[in-house]
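> One structure is given below, represented as structure tokens, and several questions about it will come after.
The values are calculated or read from the model by the stated rules, or taken from the named source; none is laboratory data. On a predicted model such as this, the values are computed, not experimentally measured, just so you know. Positions of Cβ are backbone-derived with ideal geometry, glycine not excepted, and every protein chain shown enters the neighbour counts. Surface accessibility is based on the protein's heavy atoms, side chains included, excluding ligands, DNA and RNA. Shrake-Rupley method; radii C 1.70, N 1.55, O 1.52, S 1.80 Å.
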Amino acid sequence: MRVFIENDYEKMSLRAAEIVKQQIQKKHNTILGLATGSTPIGMYNYLISMYQRQEVDFSDVVTFNLDEYVGLSRDNKNSYNYFMYSKFFNYINIKKENIHIPNGVSKDLEKECSDYEYNIEKFGYIDLQVLGIGENGHIGFNEPAELLETRTHVAKLSEDTIKANKRFFESIDDVPLYAISMGIGSIMKSKRIILLASGENKAKAIKETLSNKLTTKIPATVLALHPNVDIIIDKDAAKLLNT
Ligand code: F6R
């Protein structure tokens, strides 16, 4: 794993956006894996500016999002579907039919998961996957557990994640308890992965991810097995690293 420590959130976001831009310039029909949450918002803003300056063209790009809350429809302001359109897709020239986000209100969630996984496979897996990381070391909604799911599945959110994500909701009781999430295998089959982290609250998870020890209790540690991972973090998230 290569580690890039940037001065601040903006620099972290710019480096990530440059990587995405170069990937699309190299392969116009890139299959892009995307994350939601606070961390990638800066990267999305830079990508929108790059698009406006005509440095990048999303017309052939295909995207797969990591996850979606179970029970929230696409027009719910807290859904990841809504997030992706309002923060990114509405401002670039991506084709609607090229966007894939799990349907959290599907009547048959198991089928939704297997169809999603099949679709990723059909596209030949993800070229570049963007990840954030939970304070507990989760990637996607692959939460610390004895056993990790390899494929897209319905995940139960951990207490830690519910607490961390309550900032987006009116009350903690409104945070969904379940989400559809890509599995560890769906993520690990990506050809390249970039993981972004910003802020002191991520420092412990980053230290553990880079510890060269693998445990299902910190799902991001599995990334050590992947041949092409860049960890792009700001100084605060790097606080516990011996650099
Ligand atoms: C989001 C996702 C999560 C987040 C993680 C960090 O699609 O899969 O794993 O990346 O919870 O969230 P933020 O960036 O809000 O700290």
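> Please find, among 96, 111, 77, the residue that is free of Cβ contacts under 8 Å to residues at least 24 places away in the same chain and within 29 Å of residue 205 (Cα to Cα). Give the derivation first.
Working: 96 fails: within 29 Å of residue 205 (Cα to Cα); 111 fails: within 29 Å of residue 205 (Cα to Cα).
Just a single option satisfies the conditions, and that option is 77.
Condition check ((1) under 21 Å from residue 55 (Cβ atoms); (2) assigned to a loop (DSSP other than H, G, I, E, B); (3) of a type in the set (Val, Ile, Thr)) across all residues:
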position	(1), (2), (3)
11	yes, no, no
15	yes, no, no
19	yes, no, yes
24	yes, no, yes
29	yes, yes, no
32	yes, no, no
36	no, yes, yes
39	no, yes, yes
42	yes, no, no
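> Which residues, taken from the range 71-88, are surrounded by fewer than 22 Cβ atoms within 10 Å (Cβ to Cβ) and away from the ligand (no atom under 12 Å from the Cβ)?
71, 72, 73, 74, 75, 76, 77, 78, 82, 85, 86
> Looking at 187, 162, 193, which is the one that is within 12 Å of the ligand (Cβ to nearest atom), open to solvent by less than 40 Å² (accessible area, probe 1.4 Å) and closer than 28 Å to residue 23 by Cβ? Full working, then the answer.
Values: 162 fails: closer than 28 Å to residue 23 by Cβ; 193 fails: within 12 Å of the ligand (Cβ to nearest atom).
Exactly one residue qualifies, and that residue is 187.
> Given the condition touching a strand residue (DSSP E or B) at 6+ places or on another chain (Cβ under 8 Å), of a type outside the set (Lys, Arg) and not in a helix (DSSP H, G or I), answer yes or no: does some residue in the range 108-118 qualify? It would help to see each step written out before you state the result.
If we filter the range 108-118 for residues that are touching a strand residue (DSSP E or B) at 6+ places or on another chain (Cβ under 8 Å), which is where we start, we get 109-110, 112-113, 116.
From what's left, of a type outside the set (Lys, Arg): 109-110, 112-113, 116.
This time we only want the ones that are not in a helix (DSSP H, G or I), so: none.
Looking through the range 108-118, none of the residues is touching a strand residue (DSSP E or B) at 6+ places or on another chain (Cβ under 8 Å), of a type outside the set (Lys, Arg) and not in a helix (DSSP H, G or I).
> Let me ask you something else. Determine which single condition residue 40 fails, assuming it passes every other condition in (1) crowded, with 22+ Cβ neighbours inside 10 Å; (2) away from the ligand (no atom under 11 Å from the Cβ).
If we test residue 40 against (1) crowded, with 22+ Cβ neighbours inside 10 Å; (2) away from the ligand (no atom under 11 Å from the Cβ), just (2) comes out false.
> Quick one: would you say residue 73 is small (Gly, Ala, Ser) and in a loop (DSSP other than H, G, I, E, B)? Step through it out loud before you land on a result.
Working: small (Gly, Ala, Ser): yes; in a loop (DSSP other than H, G, I, E, B): yes.
Spelling it out, residue 73 is indeed small (Gly, Ala, Ser) and in a loop (DSSP other than H, G, I, E, B).
> Spot the failing condition for residue 54; the list is (1) on the phi > 0 side of the Ramachandran plot; (2) surrounded by 14 or more Cβ atoms within 10 Å (Cβ to Cβ), and only one is missed.
All conditions pass for residue 54, except number (2).
> Output the residues belonging to the range 196-218 that are without any contact (Cβ under 8 Å) to a residue 40 or more places away in the chain, of a type in the set (A, V, I, L, M, F, W, C) and open to solvent by less than 80 Å² (accessible area, probe 1.4 Å).
Answer for the range 196-218, where residues must be without any contact (Cβ under 8 Å) to a residue 40 or more places away in the chain, of a type in the set (A, V, I, L, M, F, W, C) and open to solvent by less than 80 Å² (accessible area, probe 1.4 Å): just 203.
> A further question follows. Need the failing condition index for residue 102 against (1) away from the ligand (no atom under 13 Å from the Cβ); (2) in contact (Cβ under 8 Å) with a residue 40 or more places away in the chain, just the number.
In the conditions (1) away from the ligand (no atom under 13 Å from the Cβ); (2) in contact (Cβ under 8 Å) with a residue 40 or more places away in the chain, residue 102 misses (1) alone.
> Under 30 Å from residue 110 (Cβ atoms), modelled with pLDDT of 95 or more and either out of contact with any His (no Cβ under 9 Å at 6 or more places or on another chain) or within 16 Å of the ligand (Cβ to nearest atom) (or both): is that true of residue 228 in this structure? Step through it out loud before you land on a result.
Details: under 30 Å from residue 110 (Cβ atoms): no; modelled with pLDDT of 95 or more: yes; either out of contact with any His (no Cβ under 9 Å at 6 or more places or on another chain) or within 16 Å of the ligand (Cβ to nearest atom) (or both): yes.
So residue 228 fails the test.
> Would you be able to say whether some residue in the range 59-68 is in contact (Cβ under 8 Å) with a residue 60 or more places away in the chain, part of a loop (DSSP other than H, G, I, E, B) and closer than 30 Å to residue 201 by Cα?
In the first step, residues of the range 59-68 are kept if they are in contact (Cβ under 8 Å) with a residue 60 or more places away in the chain; the result is 62, 64, 66-68.
Checking which are part of a loop (DSSP other than H, G, I, E, B) leaves us with 66.
Then drop every residue that is not closer than 30 Å to residue 201 by Cα, which leaves 66.
Yes, the range 59-68 contains a residue that is in contact (Cβ under 8 Å) with a residue 60 or more places away in the chain, part of a loop (DSSP other than H, G, I, E, B) and closer than 30 Å to residue 201 by Cα.
> OK, next. Please state which of the following conditions residue 153 fails to meet, knowing it meets all the rest: (1) in contact with a Cys (Cβ under 7 Å, 6 or more places away or on another chain); (2) surrounded by fewer than 22 Cβ atoms within 10 Å (Cβ to Cβ).
Of (1) in contact with a Cys (Cβ under 7 Å, 6 or more places away or on another chain); (2) surrounded by fewer than 22 Cβ atoms within 10 Å (Cβ to Cβ), only one is false for residue 153: (2).
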